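Reading through the structure tokens given below for one structure.
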Amino acid sequence: MKKLTPMALQSLVFSLLTILLVLAKTEPVLCEYTSIFSFGDSYTDTGNLICLYPNESGFHFPYGETYFGHPTGRFSNGRLIVDFLAQSLGLPLLPPYLARKSGQEFRRGVNFAVAGATALDNAFFEERGIDYPYTNISLGNQLSWFKELLPSLCDQSSSKSLFLVGEIGGNDYVYSFSAGRSLEEIRTFVPDVIDAISSAIQLVVKHGAVTVMVPGNIPMGCLSLFLTQFQSSNEEDYDPQTGCLRWLNEFSMYHNHLLQKELNRMQELHPHVTFIYADYYNASMRFFRHPHQFGFSKGSLTACCGGGGPYNYNKSLLCGNRGASVLNDPSLYADWDGEHMTEAAYKTIASYILQGFNDIPDSSHQYLTLITSKEYRASLLQNS
């Protein structure tokens, strides 16, 4: 055999690396999961709240119009992040737990998430005189349902299941801000919210979970709900690049910072488990900074469906109510109804998350896998 010259060998290695990179980018998701178990709020609910309150405005047209052609209980015009995640793994869309039928099995997964759910239990808010207008379901209730279901899953290995815990905690803050509580007071709630999420994660790990994905909070300051509620004449309150409320996004980052710290702590306690921080914040900020680059030609701050106003959000005339209207093609908007995003926005976030999900090793559980920004990854390297 003819001996390769150093130049030829270098060229061959480069070619092989190029092929591997191309394969890595075209491979859907390497990890093989047989089921997904999901907990959370309206960013993940695929039909639980509709079982409790079928007349909620979010269960009327135009909700669900884009993909399903009818309302399904999802607070969007189409699919959610969890739907894209399931489809990418070759799994069916998750059935809502409360819609279960007698004898129904959930061997391919189930969704416990409920729109309006909080991380903290009702007692926390009642003690502080804070109303929770949509539902009294908390993360604790969802965990109780999970434990009720466990006996029927006794022969199913949790090692082949993906556990999605969140996004959760956003409603704890939404209800508190709506009750007129100050930013300073609500910041003191964040450690309690993180503790509740941590307890949920520890419970699923106790019951055999070895892969747990935990999303962070979205940029709350970019939602038309808050842009309407906290309109300000002070230019310093707004990010000049995005138009989002700077102080409220800083609050979201504070929540995410504490959540990441807790996940790092839990990784040390459970080295056999893969914890995945899904960075919804930075995934969203990409299109809030550059909406046109992601196809949102109508912008990212105005609700596609609503009752008018500067951001097309009117608390007295919500999307789904008579008199509210859909402005245009939903795929041209990131914001769906002022509180939730469009299917197009969720697809963009899911693509970002799944791109990082491909980096998860098949068998190594030695470290916390972070699906997050390059900046955060760089900071980890600097501090290691």
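All of the numbers you see were taken from the coordinates with simple rules; none came from a lab. The shown structure was predicted, so the numbers you read here are calculated from the model rather than taken from an experiment. As a convention, Cβ positions derive from the backbone with ideal geometry for all residues, glycine included, and neighbour counts pool all protein chains shown.
Tabulated results
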read-out	value
For segment 51-113: Kirkwood Rh in Å [reciprocal of mean 1/r, alpha carbons]	12.7
FRET efficiency estimate (nearest 0.05) - Cβ-Cβ, ASN122 to LEU150, R0 22 angstrom	0.35
Alpha-carbon centroids, segment 65-100 and segment 224-263: separation in whole Å	28
Sites ALA99 and HIS272, calculated FRET efficiency, Cβ-Cβ separation with R0 41 Å, nearest 0.05	0.75
When each of LYS261/LYS315; LYS147/LYS347; LYS101/LYS147 is checked by Cα-Cα distance, pairs over 24 Å	LYS261/LYS315; LYS147/LYS347
Residues whose placed amide H lies under 5 Å from that of ILE36, excluding near-sequence neighbours	GLY109, VAL110, LEU162
Label-point separation in nm, PHE61 to ARG289, each point 7 Å along Cα→Cβ	4.0
Under-5 Å amide H pairs with THR211, H placed in peptide plane, nonlocal only	PHE163, THR274
Reciprocal mean inverse distance between Cα atoms of segment 204-345 - Kirkwood radius, Å	16.5
Whole-number D in µm²/s for segment 87-184 (Stokes-Einstein; Kirkwood sum over Cα pairs; 4 °C, 1.567 mPa s)	84
Hydrodynamic radius of segment 154-250 per Kirkwood, over alpha carbon pairs, in Å	15.6
Spin-label pair ALA179/ARG246, simplified geometry with 7 Å Cα→Cβ offset, distance in nm	3.0
Neighbourhood net charge (12 Å Cβ-Cβ; Lys/Arg +1, Asp/Glu -1) for LEU259	-2
Ascending count of other beta-carbon atoms within 10 Å, so fewest first, for LEU150, LEU80, LEU94	LEU150, LEU94, LEU80
In nm, spacing of pseudo-spin labels at ASP131 and SER297 (7 Å Cα→C-beta vector)	4.2
